[in-house]
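None of the figures in this text is laboratory data; all of them are computed from the coordinates on show. Predicted model only: the values in this text are computed from it and were never measured. In this analysis, Cβ positions are derived from the backbone assuming ideal geometry, glycine residues included, and neighbour counts consider all displayed protein chains.
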Amino acid sequence: MFSVKVSSDDMKDRLDANFYRPEYLEIEHKLNQLGSATLGSLCNGVECGPFGGNAIADDLYAEQGVAFIRPVNISSHVFDESSLVKVSEQLLIDNKLKIYNGTNLYFGRVGDPCVAVIDRKTSISPNIIVAKTNPELADPHYLWAFGACTFGLKQLLRQLKTVAQPTTSTEAVRNLSVFNASLEAQKYIGDKVRQAEQLRAWAKLCLYNARNKLAENLTRFAPNTYCELQGKDGSLTVCVKSKEIDDRLDSWFYKAEFTKSKRVLMELEDNGISTKPLKSIGTVEYGFMPLEDYWSPCEGHQFLRVTNIKENLIVDSGDVKFVNPIESNAPKYRLKEGDIVVVQLGNSTGRIAYISPKYESWAYPSFALRVRLNNNSGFDSGYTSLFLSEVLGQNQIQRTISITSVRPNTTKPAIESIAIPELSVEEQQIIGTWIREMTAANENSTALISSAKILVEALIEGQLTEQQLIQAQQALDDGDNTLDQAILSKLSNEGYAIEGSTPLFSDIDELYRLLESAAQAEAEE
């Protein structure tokens, strides 16, 4: 509930109460005082995707072609390629659909407002609005940071219109009021977003290298069955031999890929690569079950939930919850660097998280199992986590899932039985190092994305001046990161220069090292 007296000067062509929420009026007044500009005036046009007869049907998607952007690709405010589809360029031309080049902003039309910046050739679905940026008028990545921060998103929330579902109009995007900082100050903030993209690309390359090194080893020691497991023979069925019959008789347990995985492990053993069950190289424990509602951040203890565990060993701390610090204080519920968390229940059963220093001492949930390797196990935790997340590890985990339960689930004894190949220490460390580098790059990329939005908000709120950002940018151009480091050290998830808050970057020197590695890899491509 809220009440506010609205001045006649603030009245628009909307009479719904939500449009005049105090926080929306405050943003409008603040931006007007600072001398803002509309997004449309800072771009070369704002337009919506096609409706009607020339819209692209799902069955026209192709293996190769132009990236076709849909809301699912931008819902997290970052370009997500996991569900990306493509359309042939000729088909787009034949249907008189536009193709966009360069760096542009993409807004979702339906549901909660979202925006992403994409630098590639694209076309768009009817539920996407594109703002064609002009670097001479405004830094594209600064514009994204503004659109994704509180001042941008709340303006879009204010303009939502609900028919069948909440909808953002092209006009609302075109008239988005943007704080038009100087181009040099914009560049400083925009560079944080560009650096985040650079680190995301580096993280993908690290994962690619780790996967290749693992596949190289498995192919070398199990050339026959591992190639078959990879599907190179194209078969979907397999004849189960009598010696392969176990204590389960359901067909799920003997799916072709599961049986082939077992044969890979046997071939590895035959060729001198022993395998060890997890219970012989570490401990497996269930997590903590909160018995009450989540606590406030200032009183509770950080809690890693199943929903925080994403694909490719990534942990997402964007929606942190807190639990009773006394009840969750048992050492067995606290995570350590190098731990591996396996989702044990639900549709994401088998998903793997590698625990970096960032999550040291967090509590983890009862719907997951924590794997902690023994110090003298001879196994690298990064290597082990990758193995568990790849096809041979996943097939072993999926095979253990109970198909008679209401929800998919596995058990502690089942995970303890998963066999891990004992590659040489050197090969394991190479793979493990790539995984640790990937994890650090992803975490710092996320922090850079947050930093750009926080910097925009701090600039608008007067906590930072344009001159400070300009000086920091000029120093960076001269090879001096002292001013940049001073600014970054004051950032936290709570904002800029908040006393007692946890820094956004735990190790700024590591950030610079990762950026240097990413830049070198980019130059070598």
Cβ charges +1 (Lys, Arg) and -1 (Asp, Glu), total dipole of the stretch 247-353, debye:
300 debye
Simple label model, 7 Å out from Cα along Cβ direction - ASN18 to ASN212, nm
5.0 nm
Out of ASN324, HIS301, SER366, whose Cα points farthest toward the positive end of the dipole of the stretch 269-389 (charges: +1 Lys, Arg; -1 Asp, Glu; placed on Cβ)?
SER366
For n ≥ 4 DSSP H runs only, could you compute -39500 (n - 2.57) per run for the chain, divide by its residues and tell me the 222 nm figure to the nearest 500?
-12500 deg cm²/dmol
Cα atoms only, the stretch 322-406: Rg and Dmax in Å?
13.9, 39
Roughly how compact is the chain, stated as its Cα Rg over 2.2 N^0.38 Å to two decimals?
1.09
How large is ³J(HN,Hα), in whole Hz, for each residue of the stretch 170-179 in order, when computed from phi with the Karplus curve 6.51 cos²θ - 1.76 cosθ + 1.60 and θ = phi - 60°, using x for Gly and Pro?
4, 5, 5, 5, 4, 9, 4, 7, 10, 5
Report the semi-axes of the equivalent ellipsoid for the stretch 19-85 in whole Å, largest first, where each axis is √(5λ) for an eigenvalue λ of the Cα gyration tensor.
35, 15, 13
Please give every one of the lysines within straight-line cross-link reach of LYS30, meaning a C-alpha to C-alpha distance under 19 Å, and leave out same-chain neighbours fewer than 8 residues apart.
LYS5, LYS12, LYS154, LYS453
What list of ³J(HN,Hα) values in whole Hz, one per residue of the stretch 101-118 in order, does the Karplus curve 6.51 cos²θ - 1.76 cosθ + 1.60 (θ = phi - 60°) give from phi, with Gly and Pro shown as x?
10, x, 9, 9, 9, 10, 10, x, 8, 10, x, 4, x, 8, 8, 9, 10, 10
Give the distance, in whole Å, between the Cα centre of the stretch 362-416 and the Cα centre of the stretch 67-91.
32 Å
Give the residue from THR170, THR133, PHE146 lying farthest towards the positive end of the charge dipole for the stretch 82-188; charges sit on Cβ (+1 for Lys and Arg, -1 for Asp and Glu) and the dipole is referred to the Cα centre.
THR170
Placed amide H near ILE420: partners under 5 Å, 5+ positions off or other chain
LYS276, LEU278
Straight-distance crosslink candidates among lysines, where the alpha carbon sits under 19 Å from LYS86 and sequence neighbours closer than 8 are dropped:
LYS96, LYS98, LYS121
Filter the chain for me: DSSP H helices, axial length by Cα at least 30 angstrom, mean Kyte-Doolittle hydropathy not below 0.0. List them by residue number.
425-461
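Could you give the Stokes-Einstein D for the stretch 412-517 in µm² per second, using the C-alpha Kirkwood radius, 25 °C, 0.890 mPa s?
Once the numbers are plugged in, D ends up at 149 µm²/s.
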